[in-house]
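Following: one structure in structure tokens, then a few remarks.
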Amino acid sequence: MLVGPDGRGYRISAPVERWAFYCGDIVSFFSLQKTNGSMLYSLLAVSLVSIFVVFVTSKLRSRNRPPLPPGPKGLPLIGHLRAIASDKHKYWYQIGQEYGPLASVKVGHLTFIIINSHDVAHDLIVKRFANYSGRARTPFIEILDESKDWTSKFILTRQYGPEYRLHRRMLESGMTAAYATRFHGLMELETCQLLNDLLEDKDSRTNGMNSVLLFKHIERVQTSFVIGGTYGFRTPHRLDPNLTTIIKSSHDSNDIAVSQTLLNFFPSLKYLPKSLSPYYKAAAKVREYTSPWVHGHLITALERPGWNLAKQSYAIGMKEGSTPREVEVNLETNVYGGIETSPRELMWVVVAAITQRDVVRKVQAQLDEVVGPNRLPNFVDRPKLTYVDAFLREVMRWRPIMADSIPHRVEKDDVYNGFLIPANALIMPNAWGINRDTKYFGDDVEEFIPERWFTNRDVKKGTLRNDLPTPVFGYGRRTCAGKRIAEDGMYMQMARLLWAFDFQEVDGEPVDPTADLRHTFTVPPAPFKVKFMPRRKTVREVVTKEWRACETDVPKLLGEMDNHFFDMKTVD
Ligand code: HEM
């Protein structure tokens, strides 16, 4: 029994709810088959009856229920397709301005609950986590990881429950604050190489570097330290086959999974005969080059000396009833999580470094004061480089790479502030909108002001604020498992890039900080060009000296294995 805005109790029939949820699917499934003659007529009849049933049940249902949160109406059955366009994060923000911080839209048979306020996201996803931590069903990932309906093994798409919690802990235990520091040596090594590689590209000082090439440099850095910490080896060259295969697997799995809109909306398409199914063919193609490394890197990681995340995950998994295959897939998703996100956010850091000149001067002044000209910044300097961290946080607020976050699925009907949040609705804590929540960030939300991350906006006397929302990493139990690794890695890359270079526009090719381009879950900047100008004559000398002195032995950088994690328990 739920309580509606009028204070009355409402009963909701779960079987009717579920039936209506799948009816749209049945309709589309039949309408997509290649048919002829009388078969076609029977299917048309089934479709029409189903449409009618959906219509009547939804009318009956809505009579006895509290209302959905307000929102724009769409076409009958199809719903409001504008709400899933590539710039949806901006459109959802507009919806928030018009309908309030909790809004809803229908697309096909799915209900999207759009949240543009930190308080609402916190009330629902954090406080009521047990009901708000499911995931949308992703049939393509089920095909890819060879799992049954609703039982994907990818951590990102696993349904919430004891198995999810175990697999989450297998990763998280090695990426918490205590363990994330094990990645620091690798981060320092890879960013030192980054500076060296950029300095060797003389053309980037005269004609500028295309952001596509810059992205490949940064992606190498990120991939190398994520797989370094995970499996215990590094990938120093952009064309290293280990690196290119992992990056290709990551891009392809994401691209294909996200582009299967039809399959995701109508999961019954999963049951097309395998020989005819484009989905099975696409999945088999990706698996062909993905499975060998996913399996092989785990095996070699277990044999390597010292600590690595794979060993730790495997030890916990084997002790608590997981299987080697599940451990492999769990690690694979984590690697993808690390590759697909931070490098793209760093491209926004570069756009900010080009377009926010006055702010960059303040970052560089602090770097010069704390670090000076004769060495590179490192992790030990971080407590004093507060403006560097504030700059990074402001980039993630201003241009969040996960602009609309990853949807959470509601398990059971719920009511919030008098509005129905129906079972199976997809909850969207819209990072773009929450980052513009004036209650937390003030009225100047469109401006780039790192000072807002200090108490009283005072860089000298204030301290860095940890009480402001960071929705780019999501909410609740499913918040980004690699947040700490992401923040540390981006800090190191950003601090060193800004210590070494002035980022300049190429003549006649201005960089537009509002130009973006959706890429699956992420919204990186549109392509641009940038010149890297060393800030001093001695930059080259310092980088070469530090680069030569770098420790490159990965097990040494990661440290010894310890047994502390065996004592940790899954938290409910
Ligand atoms: C700028 C960098 C990053 C951003 C913005 C980001 C953002 C996100 C978001 C929004 C989610 C979904 C949260 C939710 O559902 O509430 C997520 C999940 C996840 N992220 Fe990240 N991420 C980043 C970097 C990383 C890194 C470096 C790793 C690992 C090395 C990682 C691993 C994961 C994993 C494993 C999940 C799945 C969590 C789950 O469903 O339980 N992420 N991330």
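The values are calculated or read from the model by the stated rules, or taken from the named source; none is laboratory data. Source: prediction; values computed, not measured. Glycine gets a Cβ as well: all are built from the backbone with ideal geometry, and neighbour counts include every protein chain shown. Ligands, DNA and RNA are excluded from the accessible area calculation, which covers all protein heavy atoms including side chains. Shrake-Rupley method; radii C 1.70, N 1.55, O 1.52, S 1.80 Å.
Yes/no matrix, rows are residues, columns are (1) acidic (Asp, Glu); (2) over 18 Å from LEU392 (Cβ atoms):
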{"site": "ASP458", "(1), (2)": "yes, yes"}
{"site": "LEU468", "(1), (2)": "no, no"}
{"site": "GLY476", "(1), (2)": "no, yes"}
{"site": "ILE485", "(1), (2)": "no, no"}
{"site": "MET490", "(1), (2)": "no, no"}
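Residues in region 341-358 that are of a type in the set (D, E, K, R) and either open to solvent by 10 Å² or more (accessible area, probe 1.4 Å) or more than 21 Å from ASN466 (Cβ to Cβ) (or both): ARG344, ARG357, ASP358. Being assigned to a helix (DSSP H, G or I) and open to solvent by 20 Å² or more (accessible area, probe 1.4 Å) is a description that does not apply to ARG220. Annotation: of all residues in region 224-244 being touching a residue at least 60 places away in the same chain (Cβ under 8 Å) and over 16 Å from THR552 (Cβ atoms), the one that is farthest from the ligand (Cβ to nearest atom) is THR230. With respect to (1) open to solvent by 10 Å² or more (accessible area, probe 1.4 Å); (2) touching a Leu at 6+ places or on another chain (Cβ under 7 Å), the lone exception for LEU239 is condition (2). Counted as qualifying within region 250-357 are the helices (runs of 4 or more DSSP H) with 3 or more residues that are within 16 Å of the ligand (Cβ to nearest atom), namely 278-303, 309-319, 324-340, 342-355. Note on region 524-572: among residues that are open to solvent by 70 Å² or more (accessible area, probe 1.4 Å), modelled with pLDDT of 95 or more and touching a Gly at 6+ places or on another chain (Cβ under 9 Å), the one that is nearest to GLU200 (Cα to Cα) is GLU551. The residue that is nearest to the ligand (Cβ to nearest atom), among those in region 466-479 that are within 19 Å of LYS127 (Cβ to Cβ) and among the hydrophobic types (A, V, I, L, M, F, W, C), is PHE473.
Does GLY489 satisfy being within 16 Å of the ligand (Cβ to nearest atom), under 30 Å from PRO429 (Cβ atoms) and open to solvent by less than 20 Å² (accessible area, probe 1.4 Å)? Don't jump to the end; show me each part of the working.
Values: within 16 Å of the ligand (Cβ to nearest atom): yes; under 30 Å from PRO429 (Cβ atoms): yes; open to solvent by less than 20 Å² (accessible area, probe 1.4 Å): yes.
Spelling it out, GLY489 is indeed within 16 Å of the ligand (Cβ to nearest atom), under 30 Å from PRO429 (Cβ atoms) and open to solvent by less than 20 Å² (accessible area, probe 1.4 Å).
Rundown of residues vs (1) out of contact with any Pro (no Cβ under 9 Å at 6 or more places or on another chain); (2) open to solvent by 20 Å² or more (accessible area, probe 1.4 Å); (3) of a type outside the set (A, V, I, L, M), yes/no style:
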{"position": "SER259", "(1), (2), (3)": "yes, yes, yes"}
{"position": "ASN264", "(1), (2), (3)": "no, yes, yes"}
{"position": "LYS285", "(1), (2), (3)": "yes, yes, yes"}
{"position": "GLU303", "(1), (2), (3)": "yes, yes, yes"}
{"position": "GLU332", "(1), (2), (3)": "yes, no, yes"}
{"position": "TYR336", "(1), (2), (3)": "yes, no, yes"}
{"position": "VAL360", "(1), (2), (3)": "yes, no, no"}
{"position": "GLN364", "(1), (2), (3)": "yes, no, yes"}
{"position": "LEU367", "(1), (2), (3)": "no, no, no"}
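In region 295-308, the count of residues that are without any contact (Cβ under 8 Å) to a residue 60 or more places away in the chain, under 25 Å from ASN254 (Cβ atoms) and not hydrophobic (A, V, I, L, M, F, W, C) is one or more. Counted as qualifying within region 133-208 are the helices (runs of 4 or more DSSP H) with 1 or more residues that are assigned by TED's automatic domain parsing to the domain that holds LEU498, away from the ligand (no atom under 15 Å from the Cβ) and modelled with pLDDT of 95 or more, namely 184-200.
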